[in-house]
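Structure first, then comments.
The values are calculated or read from the model by the stated rules, or taken from the named source; none is laboratory data. It should be emphasised that the depicted structure is a prediction, and the values quoted were computed from it without experimental measurement. Reconstructed Cβ throughout: ideal geometry from the backbone, glycine too, with neighbour counts over all protein chains shown.
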Amino acid sequence: MKRDRTAMRGDVACEEAPDVPRHVAIIMDGNGRWAAKRGLPRLEGHRRGVEALRRTVRAAIELDIRFLTIYSFSSENWRRPAQEIGDLFGLLRIFVRRDLADLHARSVRVLFIGSREGLPPDIAGLLAEAENLTRDNKGLTLVVAFNYGARQEILAAARAVAEAALRRRIEPGTIDEKAFEAFLETADIPDPDLLIRTSGEQRLSNFLLWQAAYAELVFMPVLWPDFDRAALEGALLEFKRRDRRFGGLAAPAPSLKERA
Ligand code: FPP
């Protein structure tokens, strides 16, 4: 399994709560409401959302988070008006063109998950360029979920597993979690420890459904354009208070002797 911070307490596997989660995933929600509250077009909310993303990447680096996954365009976002879809693609273009050099200078490795099918060709080219330029960087890994849906990802993995079995490259009886995960787009990325959703909504919306099985979920009322380092630190504090049991038992209360 990909969890390497598991400590054994008695015969129960428990997670030693680290100060900082290794992998934080964020559903950046509330751009539209932020704009509506101010009588501004939704695009302005998304623009301010990109600024919040820049702040968050910098804060994640400073706080020594190793992986940051952001949900920037879901498979279901195609249901939005064409104008807004075009605006979101435009913002991705600007983000990659303007920020790539800076991300590279900060040793950030950029990865994209999600389907490249149906994307304008120049966008697909930009994603490949960002990945190629930063592939050897050793700092924060920024995973941008773009045109991503977890059910679609799991289905694609299931199809690939079935293909491999048909071609006798894999034995169905040997397909365990580890073997299956190798077919997911996140194969080399550890599972998220903490998943944050802003704007007060409390659902996963088809984001990392497999990977977030044991993530701590933190729902925050802040609208995404207002998110900043202090908000991230608030989520980290909440994470630290959680007792991660992975289906095991809580750590035994300290004995009187230990407390003395
Ligand atoms: C949710 O807000 C946000 C999105 C659908 C897109 C997230 C995009 C950004 C933060 C900016 C773009 C970033 C990149 C890298 C392209 P919403 O529009 O659903 O807000 P609402 O629920 O208040 O309407």
>> I'd like the full set of residues that are of a type in the set (A, V, I, L, M, F, W, C) and either modelled with pLDDT of 95 or more or touching a Ser or Thr at 6+ places or on another chain (Cβ under 9 Å) (or both), limited to segment 102-122.
In response: LEU103, ALA105, VAL108, VAL110, LEU111, PHE112, ILE113
> Restricting the first residue to segment 132-157 and requiring it to be at negative phi and free of Cβ contacts under 8 Å to residues at least 60 places away in the same chain, which pairs with a second residue that is assigned to a strand (DSSP E or B) and more than 15 Å from the ligand (Cβ to nearest atom) meet a Cβ separation below 7 Å and a spacing of at least six or different chains?
Replying inline: THR134/ARG109; ARG135/ARG109; ASN137/ARG109
> Can you pull out the residues in segment 50-65 that are surrounded by fewer than 16 Cβ atoms within 10 Å (Cβ to Cβ) and outside any helix (DSSP H, G or I)?
Replying inline: ASP64
> Just one of the numbered conditions (1) at pLDDT below 95; (2) within 12 Å of the ligand (Cβ to nearest atom) is not true of PHE146; which one?
Replying inline: (1)
> If only one of GLY125, GLY86, GLY118 is without any contact (Cβ under 8 Å) to a residue 60 or more places away in the chain, within 13 Å of the ligand (Cβ to nearest atom) and more than 19 Å from the chain's Cα centre (by Cα), which one is it?
Replying inline: GLY86
> Could you list, in sequence order, the residues of segment 217-235 that are more than 13 Å from the ligand (Cβ to nearest atom) and either in contact (Cβ under 8 Å) with a residue 60 or more places away in the chain or closer than 23 Å to GLU51 by Cβ (or both)?
Replying inline: VAL218, PHE219, MET220, ASP228, ARG229, ALA230, ALA231, LEU232, GLU233, GLY234, ALA235
>> Can you pull out every residue in segment 26-41 that is part of a helix (DSSP H, G or I), within 6 Å of the ligand (Cβ to nearest atom) and either in contact (Cβ under 8 Å) with a residue 24 or more places away in the chain or out of contact with any Lys or Arg (no Cβ under 6 Å at 6 or more places or on another chain) (or both)?
In response: ASN31, ARG33
>> Being within 10 Å of the ligand (Cβ to nearest atom) and either in a helix (DSSP H, G or I) or buried (at least 21 other Cβ atoms within 10 Å of the Cβ) (or both): is that true of ARG47 here?
In response: yes
> Restricting to segment 93-115, what's the tally of residues that are closer than 10 Å to LEU133 by Cβ and more than 20 Å from the chain's Cα centre (by Cα)?
Replying inline: 1
> Which one is surrounded by the most Cβ atoms within 10 Å (Cβ to Cβ), of the residues in segment 81-114 that are out of contact with any strand residue (DSSP E or B) (no Cβ under 7 Å at 6 or more places or on another chain) and not in a helix (DSSP H, G or I)?
Replying inline: ARG106
>> Take the conditions touching a residue at least 60 places away in the same chain (Cβ under 8 Å), more than 20 Å from VAL57 (Cα to Cα), acidic (Asp, Glu) and within 16 Å of the ligand (Cβ to nearest atom) and apply them to GLU201. Does it pass?
In response: yes
> Does PHE207 satisfy the criteria of being in contact with a helix residue (DSSP H, G or I) (Cβ under 8 Å, 6 or more places away or on another chain), at pLDDT below 95 and not β-branched (Val, Ile, Thr)?
Replying inline: no
>> Anything in segment 105-115 that is in contact with a Leu (Cβ under 9 Å, 6 or more places away or on another chain) and free of Cβ contacts under 8 Å to residues at least 40 places away in the same chain? List them, or say none.
In response: SER107, ARG109, VAL110, PHE112
>> Which residue is modelled with the highest pLDDT, if the candidates are limited to segment 50-82 and must be of a type in the set (Phe, Trp, Tyr) and within 8 Å of the ligand (Cβ to nearest atom)?
In response: TYR71
> Which of the following residues is in a loop (DSSP other than H, G, I, E, B), of a type in the set (Val, Ile, Thr), on the phi < 0 side of the Ramachandran plot and touching a helix residue (DSSP H, G or I) at 6+ places or on another chain (Cβ under 7 Å): ILE189, ILE170?
Replying inline: ILE170
